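Taking it in order: structure first as structure tokens, then the write-up.
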Amino acid sequence: MSEEERKEEQKATVSKLAVLSFLLAILSIPGIWAAYHNEMLESPILNTLSLLFLFFAPFAVPAAIVTGFISIIKIAKSQKRLIGLGIGIAGAIIGTIGITLNGKLMLSRIRSISPRMVCGSNMAAIGRAMLIYADDYNGMLPTPSKWCDLLIEHGNVTKEQFKCRGSKRGPCNYAMNKNIEKFGMNGPPDMVVIFETGPGWNQFGGAEILTTAYHEWEGCNVLFLDNHVFFERTQDLQKLKWKPDEVQED
């Protein structure tokens, strides 16, 4: 290597765009991890960091790809005044892998959330039908042993709305809280009324027949006495109220 070439090499600087691309790609990795492990973490600090990275990743990944390719082009045209080609390539590759993983994750989440939303909508319709029924029968809710039949006969809900989209079998994937007949509309507002269970008809019971199988074991939809529907996570199911507080231990 001549003295002139040696001087030129010493003058060469690392491409800032290449470094930026690599840093953005590396910083997006925790965001991808957070997206795949989106349950709440035990530590509030870790959970906050996880959420920050989760929101940062969608911006960091495409930015890493763009800056990576720009740096590669600029380094190639710089006549050796810029170095860091490997860093730029690494940033672009990691960013491309990240955006591919995020795309697959997004499609996967849409597929899993869609049945959950339809199921929740069906359960909300059942809740409205129950309120109409109670209004017509002096505040009495349908009898648990024939609640499906009574709501169908009353004409405020269709048979299709008794089926969870996440299940391949029917005719009904919901059950009624067996205690609701005793307490009726006088129970606490957060008391379970309808929940997800195995296929059947006119089913009633408690936590022993509840299932999370229709939503990838992540949880299930629950209709409460105040008529709101909520998707309860599997780890929170033990907190459900099946009876008023004063008789919960029975």
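The single condition among (1) at pLDDT 70 or above; (2) buried (at least 19 other Cβ atoms within 10 Å of the Cβ) that Ala34 does not satisfy is (1).
Using the structure shown, decide if Glu246 is modelled with pLDDT under 95, acidic (Asp, Glu), assigned to a helix (DSSP H, G or I) and more than 22 Å from Ile152 (Cβ to Cβ). It would help to see each step written out before you state the result.
Working: modelled with pLDDT under 95: yes; acidic (Asp, Glu): yes; assigned to a helix (DSSP H, G or I): yes; more than 22 Å from Ile152 (Cβ to Cβ): yes.
Here the answer is yes, as Glu246 does meet what is asked.
Go through the residues of segment 233-241 one by one and say whether even a single one is under 16 Å from Ser121 (Cβ atoms) and not in a loop (DSSP other than H, G, I, E, B). No, the conditions are met nowhere in segment 233-241. Considering segment 131-156 alone, what residues qualify as being closer than 19 Å to Asp226 by Cβ and either in contact with a Leu (Cβ under 6 Å, 6 or more places away or on another chain) or of a type in the set (Asp, Glu) (or both)? Matches in segment 131-156: Ala134, Asp135, Pro142. Summed over segment 115-163, residues that are acidic (Asp, Glu) and in contact (Cβ under 8 Å) with a residue 40 or more places away in the chain total 1.
The values are calculated or read from the model by the stated rules, or taken from the named source; none is laboratory data. Small disclaimer: the values here were computed from a predicted structure and weren't measured. Cβ: placed from backbone, ideal geometry, glycine included. Neighbour counts: every protein chain shown.
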